[in-house]
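In what follows, a single structure is set out as structure tokens and then discussed.
The values are calculated or read from the model by the stated rules, or taken from the named source; none is laboratory data. Since we're looking at a predicted model, the values are computed, not measured. All Cβ positions, glycine included, derive from the backbone under ideal geometry; neighbour counts span all protein chains shown. Note: areas computed on protein heavy atoms with side chains; ligands, DNA, RNA excluded. Shrake-Rupley method; radii C 1.70, N 1.55, O 1.52, S 1.80 Å.
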Amino acid sequence: MTDSSVPPAVAASDALVLDGLADQEDVFEQKAVRLAKRERLQTERTDASGGAYPVSVPVTDTIAALREKYGDLEADTATGVRAAVAGRVVFSRNTGKLCFATLQAGDGERIQAMVSLAGAGEESLQRWKELVDLGDHVFVAGEVISSRRGELSVMVDEWQIAAKAILPLPNMYSELNEETRVRARYLDLIVREQARQTVRARAAVNASLRATFAEHGFLEVETPMLQVQHGGAAARPFVTHSNAFDTELFLRIAPELFLKRAVVGGLDRVFEINRNFRNEGADSTHSPEFAMLEAYQSYSDYNGIAHLTQELVQNAARAVSGSTLVTWADGTEYDLGGEWDRISMYESLSAASGQTVTPETVVDELLALADASGVDAPAHVTHGKLVEELWEHFVKGDLERPTFVMDFPVDTSPLVRAHRSREGMVEKWDLYIRGFELATGYSELVDPVIQRERFVEQAVLAARGDVEAMRVDDDFLRALEHGMPPSAGLGMGIDRLLMAITGLGIRETILFPLVK
């Protein structure tokens with residue numbers, strides 16, 4: 001082995017991701033052996049062999065297609081059909097004159113490769129024994145057969161390394177710990193079927209959302225992620241700097257204000273599925289970077305957008321599970337079907353707390369209720385913030401069915417139209433599923449004069465130190481002054497939608513979550 005093939009000291013990350021291996025020394029030894037094999041493959045490389053990392057291999061079939069066509073073969077049956085496939089070696093057993101390997105495709109489908117003295121020849125069989133390790137990508141070609149045990153197989157007469165794995169796989173028969181799953185998702189996808197299913201479920205959800213919107217005449221648009229002014233939600237932004245423009249920029253916390261500009265411009269039904277960024281805490285339902293759906297529909301209100309939201313979620317559930325009765329990862333069944341409940345925030349809080357709470361209830365009374373109930377008062381206390389904290393304490397935990405919580409305090413909803421019949425409230429709902437907030441919907445505030453007043457109120461809170469308060473956005477106000485039709489808006493977290501359908505935590509629904 002040349003100097004170039006001697007492995008460096010194994011990085012801490014090598015040991016971290018190889019969950020199930022004995023220790024770092026074991027990793028080091030295996031890496032050294034595999035690097036030596038890589039060096040040999042590279043040294044022996046020809047135009048035909050391609051070394052340890054050929055540009056391509058002559059694949060003509062997929063493992064899934066072979067399983068679909070020949071999966072029901074009786075034991076010990078030869079088809080007379082030649083196939084050429086590739087996959088990752090996830091099981092290997094070598095005997096004197098016959099070697100067995102299980103090849104796994106990216107979708108998790110598997111097929112057995114049988115490399116025999118009679119079929120491959122002595123030299124080829126010996127090279128297999130000497131060069132092929134668990135984790136390698138291997139190309140094999142030969143007759144499709146069913147083994148004596150009934151295992152669909154390729155009786156190999158030709159094979160080639162497609163990509164040499166330098167680090168070994170984790171134990172394929174042991175559960176990866178959560179730390180490994182989120183830090184090394186590539187290993188999780190190799191080892192765990194649930195991880196692959198979650199990726200497929202997410203793709204099915206996004207396709208379903210787009211199909212439902214298309215049925216209702218919505219256009220998918222894209223809006224800026226880098227913004228000169230953050231807005232559209234009460235959240236703390238990430239701040240960056242543009243060298244080209246020599247100015248401070250913000251990673252967007254919401255696309256709302258730009259989507260509303262699109263509505264002003266005459267795009268009456270628009271939606272966007274993209275990333276949002278909030279410089280806040282991370283827990284089982286929150287991530288600093290997350291996927292968000294927002295949609296706006298002209299000439300609708302918060303009741304109409306609630307009906308659409310229910311349809312979007314139920315169609316997504318059918319796309320993943322075939323039914324609105326979904327089965328979570330822990331085996332629990334949850335019914336997303338039927339018409340969902342709608343409750344009033346103020347009325348449900350009054351009933352649960354035993355004390356009447358209305359938009360006219362003063363802050364001191366709410367503080368007294370919070371103190372008596374062991375609820376910590378939020379920073380920068382307002383009537384609305386206290387009402388929402390108290391509601392979460394008294395009501396949220398008892399919601400079992402999907403529920404729209406209707407009619408919020410005006411001072412926590414600066415972008416929402418005032419309630420048409422009740423002073424001090426706005427036409428906003430939050431949708432709760434599985435005990436967490438999945439979506440929010442508004443009758444949108446389109447009056448530029450009132451919107452400016454709301455922004456000014458937010459600016460006062462910001463001046464007092466509220467980092468989540470919005471700023472006065474003059475460009476957005478200028479757009480509103482050109483006339484925005486009566487509209488309804490919807491915001492829904494894609495990661496949380498996956499949580500509602502699969503029962504998984506947010507770090508499982510995000511393919512590559514941000515971790516420390």
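For Met155, all conditions in the list (1) assigned to a loop (DSSP other than H, G, I, E, B); (2) open to solvent by 50 Å² or more (accessible area, probe 1.4 Å) hold save one; what is the number of the exception?
Of everything listed in (1) assigned to a loop (DSSP other than H, G, I, E, B); (2) open to solvent by 50 Å² or more (accessible area, probe 1.4 Å), Met155 misses just condition (1).
Would you please name the residue that is modelled with the highest pLDDT, looking only at residues in the stretch 230-265 that are open to solvent by 50 Å² or more (accessible area, probe 1.4 Å) and not in a strand (DSSP E or B)?
Applying the filter and picking the extreme gives Gly265.
Report every pair of residues separated by at least 6 positions or lying on different chains whose Cβ atoms are under 7 Å apart, first residue within the stretch 406-417 and touching a residue at least 12 places away in the same chain (Cβ under 8 Å), second among the small types (Gly, Ala, Ser) and open to solvent by less than 10 Å² (accessible area, probe 1.4 Å).
Pro409/Gly384; Val410/Gly384; Asp411/Gly384; Thr412/Gly384; Val416/Ser443; Arg417/Ser443
Just to be sure, is Gln355 without any contact (Cβ under 8 Å) to a residue 60 or more places away in the chain and part of a helix (DSSP H, G or I)?
Against the criterion (without any contact (Cβ under 8 Å) to a residue 60 or more places away in the chain and part of a helix (DSSP H, G or I)), Gln355 does not qualify.
Could you identify the single residue in Glu143, Glu122, Glu130 that is free of Cβ contacts under 8 Å to residues at least 24 places away in the same chain and open to solvent by 20 Å² or more (accessible area, probe 1.4 Å)?
Glu122
So, in the stretch 158-180, how many residues would count as being closer than 28 Å to Arg507 by Cβ and either open to solvent by less than 40 Å² (accessible area, probe 1.4 Å) or free of Cβ contacts under 8 Å to residues at least 60 places away in the same chain (or both)?
Residues meeting the conditions: 10.
Matching residues to (1) under 29 Å from Met484 (Cα atoms); (2) among the β-branched types (Val, Ile, Thr); (3) in contact with a strand residue (DSSP E or B) (Cβ under 8 Å, 6 or more places away or on another chain):
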{"site": "Val375", "(1), (2), (3)": "no, yes, no"}
{"site": "Trp391", "(1), (2), (3)": "no, no, yes"}
{"site": "Pro402", "(1), (2), (3)": "no, no, yes"}
{"site": "Val405", "(1), (2), (3)": "yes, yes, yes"}
{"site": "Gly424", "(1), (2), (3)": "yes, no, yes"}
{"site": "Glu444", "(1), (2), (3)": "yes, no, yes"}
{"site": "Asp447", "(1), (2), (3)": "yes, no, no"}
{"site": "Gln458", "(1), (2), (3)": "yes, no, no"}
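Name every residue in the stretch 326-345 that is open to solvent by 50 Å² or more (accessible area, probe 1.4 Å), in a strand (DSSP E or B) and touching a helix residue (DSSP H, G or I) at 6+ places or on another chain (Cβ under 8 Å), in order of residue number.
Correct list: Thr327, Arg342.
I'd like to check something: does the stretch 110-118 contain any residue that is small (Gly, Ala, Ser) and farther than 29 Å from Ser174 by Cα?
Within the stretch 110-118 (the criterion being small (Gly, Ala, Ser) and farther than 29 Å from Ser174 by Cα), the answer is yes, since at least one residue qualifies.
Under the condition of being β-branched (Val, Ile, Thr) and modelled with pLDDT under 95, which residue from the stretch 463-497 is least open to solvent (accessible area, probe 1.4 Å)?
Here the residue is Val472.
Looking only at the stretch 207-228, which residues are surrounded by fewer than 18 Cβ atoms within 10 Å (Cβ to Cβ), under 11 Å from Ile273 (Cβ atoms) and touching a strand residue (DSSP E or B) at 6+ places or on another chain (Cβ under 9 Å)?
Arg210, Glu220, Val221, Glu222
Can you confirm whether the stretch 20-41 contains a residue that is at pLDDT below 90, open to solvent by less than 50 Å² (accessible area, probe 1.4 Å) and of a type in the set (Asp, Glu)?
Yes, the stretch 20-41 contains a residue that is at pLDDT below 90, open to solvent by less than 50 Å² (accessible area, probe 1.4 Å) and of a type in the set (Asp, Glu).
Please work out which residue is nearest to Leu498 (Cα to Cα), limiting yourself to the stretch 291-320 and to residues that are open to solvent by 10 Å² or more (accessible area, probe 1.4 Å) and aromatic (Phe, Trp, Tyr).
Tyr302
Out of the stretch 59-100, which residues are more than 24 Å from Leu131 (Cα to Cα), within 33 Å of the chain's Cα centre (by Cα) and either open to solvent by less than 40 Å² (accessible area, probe 1.4 Å) or aliphatic (A, V, I, L, M) (or both)?
If the condition is that a residue be more than 24 Å from Leu131 (Cα to Cα), within 33 Å of the chain's Cα centre (by Cα) and either open to solvent by less than 40 Å² (accessible area, probe 1.4 Å) or aliphatic (A, V, I, L, M) (or both), then Ala64, Ala65, Leu66, Gly71 are the ones that fit.
Under 8 Å between Cβ atoms, which residue pairs at least 6 apart in sequence (or on different chains) link something in the stretch 483-495 that is under 30 Å from Gly505 (Cβ atoms) and hydroxyl-bearing (Ser, Thr, Tyr) with a partner that is at pLDDT 95 or above and open to solvent by less than 10 Å² (accessible area, probe 1.4 Å)?
Listed by first residue and then by second, the contacts come to nothing, as the list is empty.
For a quick check of your reading of the model, give me the residue pairs whose first member lies in the stretch 437-461 and is under 19 Å from Thr309 (Cα atoms), whose second is assigned to a helix (DSSP H, G or I) and of a type in the set (D, E, K, R), with beta-carbon atoms closer than 6 Å and at least 6 apart or on different chains.
Leu438/Arg496
Can you find a residue that is surrounded by 18 or more Cβ atoms within 10 Å (Cβ to Cβ) and within 17 Å of Glu457 (Cβ to Cβ) anywhere in the stretch 389-404?
No.
State whether the residues of the stretch 183-201 include one that is touching a residue at least 12 places away in the same chain (Cβ under 8 Å), assigned to a loop (DSSP other than H, G, I, E, B), of a type in the set (D, E, K, R) and exposed (fewer than 15 other Cβ atoms within 10 Å of the Cβ).
No: the stretch 183-201 contains no residue that is touching a residue at least 12 places away in the same chain (Cβ under 8 Å), assigned to a loop (DSSP other than H, G, I, E, B), of a type in the set (D, E, K, R) and exposed (fewer than 15 other Cβ atoms within 10 Å of the Cβ).
Which numbered condition in (1) outside any strand (DSSP E or B); (2) aliphatic (A, V, I, L, M); (3) over 26 Å from Asp47 (Cβ atoms) is the only one that Ala165 fails?
(3)
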